[in-house]
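Read-outs: derived from the displayed coordinates by stated rules, not from any lab. Being a predicted model, the structure only gives us computed values, none of them experimental. A quick note on method: Cβ atoms are made from the backbone with ideal geometry, for glycine too, and the neighbour counts reach across all protein chains shown.
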Number of protein chains: 2
Amino acid sequence: MSSQESKAQAVKDFTEVFPVLTEEFLKEVRIRNFPEESVKWIEKNIYHNVQGGKMNRGLSVVDTLKILKNDQLTAEELLKSRVLGWCIEWLQAFFLVADDIMDSSITRRGNPCWYKMEGVGMIAINDAFILESAIYFFLKKYFRQDPYYIDLVELFHEITLETELGQLLDLTTAPEDHVDLSKFSIEKHQFIVLYKTAFYSFYLPVALAMHMAGIKDEKAFKAAKDILLPLGEYFQIQDDYLDCYGDPKVIGKIGTDIEDNKCSWLINQALAKASPEQRKLLDENYGKKDPKNVAVIKQIYKDLEIEKLYKEYEEQSYIRLNDLILQTDDSLIKRQVFNAFMNKIYKRTK
Amino acid sequence: MSSQESKAQAVKDFTEVFPVLTEEFLKEVRIRNFPEESVKWIEKNIYHNVQGGKMNRGLSVVDTLKILKNDQLTAEELLKSRVLGWCIEWLQAFFLVADDIMDSSITRRGNPCWYKMEGVGMIAINDAFILESAIYFFLKKYFRQDPYYIDLVELFHEITLETELGQLLDLTTAPEDHVDLSKFSIEKHQFIVLYKTAFYSFYLPVALAMHMAGIKDEKAFKAAKDILLPLGEYFQIQDDYLDCYGDPKVIGKIGTDIEDNKCSWLINQALAKASPEQRKLLDENYGKKDPKNVAVIKQIYKDLEIEKLYKEYEEQSYIRLNDLILQTDDSLIKRQVFNAFMNKIYKRTK
Ligand SMILES: [Mg+2]
Ligand SMILES: [Mg+2]
Ligand SMILES: [Mg+2]
Ligand SMILES: [Mg+2]
Ligand SMILES: [Mg+2]
Ligand SMILES: [Mg+2]
């Protein structure tokens, strides 16, 4: 099989677990004799919110476990790593349903946001809670007998809190309705990115697979964190870059970070380099929906050569991250785990 | 000490644990070098939302453990039972912050709802998440070494899900903005009450204390559920009754269940007894803010003798619940646990 074929097969195998898990959760609700109307509501909630993403986070659990166990996974291990992968997708759904309300977003993955759906509204908040609760139902169902069960549960708790702290910082730094660039800084951007994205997107999938592989040494988890968190930061900075400079046909959406007052890497770099005149223009034009305002911001980015700065950052990050990976003690955790991530994201265009 | 003095002392001792826990959680955030502004935000969130309730649920953990262990608690056991009590108060805060948004409520415990506070708004959703996360931080900190640690964690997960399912049923049965009494029924009311209130308010405190007391027999937990869930139902029906017929000076608020389209015991009894003419009036007047509409509903309650029906229900419940308690196998779990609850709530006026 070519690598593309095997990737497609991995996606297919992963995807097939989703309806099974959904059905198991709905069954858990049905045994309480809940009105079928409520069961159907939960089914719609799950299908609308958990499905339809790129599933990179979920797939990473399976990929990582394969590397850690030299591609020798039993059918049971394969299934269980996919369940953990879906638990991350469920966690993400929990966050995104709430994030869309808090950001007043309209669409997500090409569909209306859940809270924008007819008859849903603020009930979406409780629906987000239910998505989170499903994670612990799956963990109990599939891992209760395993010695590392409590580690999985604690890991989800910990990463959930990290992400919530990142969200808090993001929400209070860049409120959706009030522009104040003096609240932004490169350091704060780093904090936000680390907490609201890197932990659950990069560290969590690998740490879950490590538990499944029987790794117990705290040093191994520390080593994984030391590489995966900076990798996650790099990934999010790419995301910020692509939002402004990516090809909408390739990334599948038109970026609106400037309009949405996002605490993006680009604006923080611009703020650090801006002259007093440019700063005044940034203050006056950032976070506004009018294309004229957006054009002013983009022009300043151009004048300050922010794109060039990004390219330099990208090169440096590549060198620095590969260096970090090379320095990892391969007996603690296989370097290939991190190389696999690097290969997926370095110089990505979408 | 008189029973009133010892009650006051128990409340004081319980209350004193709150700032300690809050500080421990804030410290956990501070070690990440989070901006002090964010730490202060979380502190405000906790003080606004976790504090200021009657603390009945939290105190019940301590009271129950005292009964289960013949009043022989070590200082450590006392502290740990108070921590569990506060975990319930934190759980309730998580639910209430979200519930107030979903119900478009204005005030809570005499203060503005958290989401109504200046600068908060929808950030309250993420703040609710953080309150929930704190529970698992406390459980880990205080119980990690205990053999029943995973039982506590699973219990909180399970009860959280039950409550969310109850909320879902409540929200879809009685949406805040759309009156449709055909969605109501006595059976549905029972379901809603059981799931959204009884599990976390009655079963949870006792089950937590049971775990601390070293009870392992599934039959004992089943026995506790069999009494505490009906007791919780009875408590909520009292609540529905007091909302309409209680003395506002005593209950500390003016009831608005009729105005708010609540799926209350009273309206469900009225719907079951109403003539076609009365039903028409109920449909036309329920869930409206105008005192004239409310008066029509109250008159129908009077004509249908709903208050008398309630008194009969109360008498019957008292007999039935005491019967259930008497039938409990005292070697599984001491009956006194349930009697203590009965004494607190039977014929309460607030
Ligand atoms: Mg968003
Ligand atoms: Mg956001
Ligand atoms: Mg982006
Ligand atoms: Mg409410
Ligand atoms: Mg409500
Ligand atoms: Mg009430």
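Among B:19-29, A:248-258, A:196-206, sorting by the average number of other beta carbon atoms lying within 10 angstrom of each residue, highest first, gives A:196-206, B:19-29, A:248-258.
Between residue A:290 and residue A:106, the simple spin-label model (points 7 angstrom out along Cα→Cβ) gives 1.9 nm. Relative to the longest principal axis of the Cα atoms of chain A, the long axis of helix A:149-173 makes an angle of roughly 20 degrees. Mind running the shape call on region B:151-215? Use the C-alpha gyration tensor, a ≥ b ≥ c as the square roots of the eigenvalues: rounded below 1.5 for a/c, prolate if a/b tops b/c, oblate otherwise. Verdict is prolate for region B:151-215.
Compute the acute angle (0 to 90°) between the alpha-carbon long axis of helix A:3-30 and the principal axis of greatest extent of the alpha-carbon atoms of chain A; round to the nearest 10°. Between helix and principal axis, roughly 70 degrees. Separation of region B:201-222 from region A:141-177 is 27 Å, based on Cα centroids. Separation of the alpha carbons by more than 31 angstrom is noted, of A:216/A:262; A:7/A:253; A:188/B:80, for A:216/A:262; A:188/B:80. Using a simple spin-label model with pseudo-atoms 7 Å out from Cα toward Cβ, residue B:329 and residue B:13 lie 3.2 nm apart.
Taking amide H atoms as placed 1.01 Å from N in the peptide plane, the amide H of residue B:108 lies under 5 Å from those of B:113, each 5 or more residues away in sequence or on another chain. With R₀ set to 41 Å, the beta-carbon distance separating residue B:37 from residue B:249 gives a calculated FRET efficiency near 0.50. Our helix-only sum for chain A, with -39,500 (n - 2.57) per DSSP H run of n ≥ 4 divided by its residues, gives a mean residue ellipticity at 222 nm of -23000 deg cm²/dmol. Taken about its Cα centre, region B:1-145 carries a charge dipole of about 220 debye when Lys and Arg each add +1 at the Cβ and Asp and Glu each add -1 at the Cβ. The equivalent ellipsoid that matches the C-alpha gyration tensor of region B:1-145 spans semi-axes of 28, 19, 12 angstrom, in descending order.
When the square roots of the Cα gyration tensor eigenvalues are ordered a ≥ b ≥ c, the ratio a/c for chain B is 1.5 or more and a/b does not exceed b/c, which makes its shape oblate. Applying a threshold of 21 Å to the alpha-carbon distances of B:12/B:54; B:66/B:196; B:222/B:350; B:292/B:350 flags B:66/B:196; B:222/B:350; B:292/B:350 as lying beyond it. Were the residues from residue B:217 through residue B:141 laid out at 0.36 nm apart, the gain over their Cα-Cα distance would be 24.8 nm. Listed by chain and number, the aspartates and glutamates whose C-alpha is less than 13 Å from the C-alpha of residue A:69, apart from same-chain residues fewer than 8 away, are A:77. Phi angles of region A:73-86 translate, via the Karplus equation with coefficients 6.51, -1.76, 1.60 and θ = phi - 60°, into HN-Hα couplings of 9, 6, 4, 5, 5, 4, 4, 5, 5, 5, 4, 4, x, 5 Hz per residue; Gly and Pro are given as x.
Normalised by the number of residues in region B:153-349, the mean separation of alpha-carbon contacts (under 8 Å, six or more apart) gives a relative contact order of 22 percent. Couplings for region A:300-312, taken from phi via the Karplus curve 6.51 cos²θ - 1.76 cosθ + 1.60 with θ = phi - 60°, read 5, 3, 5, 4, 8, 6, 5, 5, 5, 4, 4, 4, 4 Hz in order; Gly and Pro are left as x. The fraction of Cα-Cα pairs per 5 angstrom bin, counted from 0 for region B:153-349, comes to 1, 7, 15, 18, 17, 15, 11, 7, 5, 2, 1, 0 percent, rounded to whole percents.
Here the 3J(HN,Hα) profile of region B:131-141, calculated from phi with Karplus coefficients 6.51, -1.76 and 1.60 at θ = phi - 60°, is 4, 5, 4, 4, 3, 6, 5, 5, 4, 5, 4 Hz, Gly and Pro shown as x. Residues of region A:138-154 with an amide N closer than 15 Å to a point placed 7 Å from the Cα of residue A:27 along the Cα-to-Cβ direction: A:138-143.
In nanometres and ascending order, the distances from the residue A:112 label point to those of the other copies are 3.0 (point 7 Å from Cα along Cα→Cβ). The other copies place their residue B:44 label points at 3.7 nm from this one, listed shortest first, where each point is 7 Å from Cα along Cα→Cβ. A convex hull fitted around the alpha carbon atoms of the protein assembly as shown yields 176 Å³ per residue. A simple spin-label model places pseudo-atoms 7 Å from Cα toward Cβ; at residue B:307 and residue A:177 they are separated by 4.3 nm.
To the nearest ten degrees, helix B:218-245 and the longest principal axis of the Cα atoms of chain B are 50 degrees apart.
With contacts taken as Cα pairs under 8 Å and at least 6 residues apart, region B:1-113 reaches a relative contact order of 26 percent. Here residue B:276 yields copy-to-copy label distances, from shortest upward, of 8.3 nm, the label point defined as 7 Å from Cα along Cα to C-beta.
As a ratio to 2.2 N^0.38 Å, the alpha-carbon radius of gyration computed for region A:165-262 takes the value 1.28.
In chain B, Cα pairs under 8 Å separated by at least six residues give a relative contact order of 16 percent.
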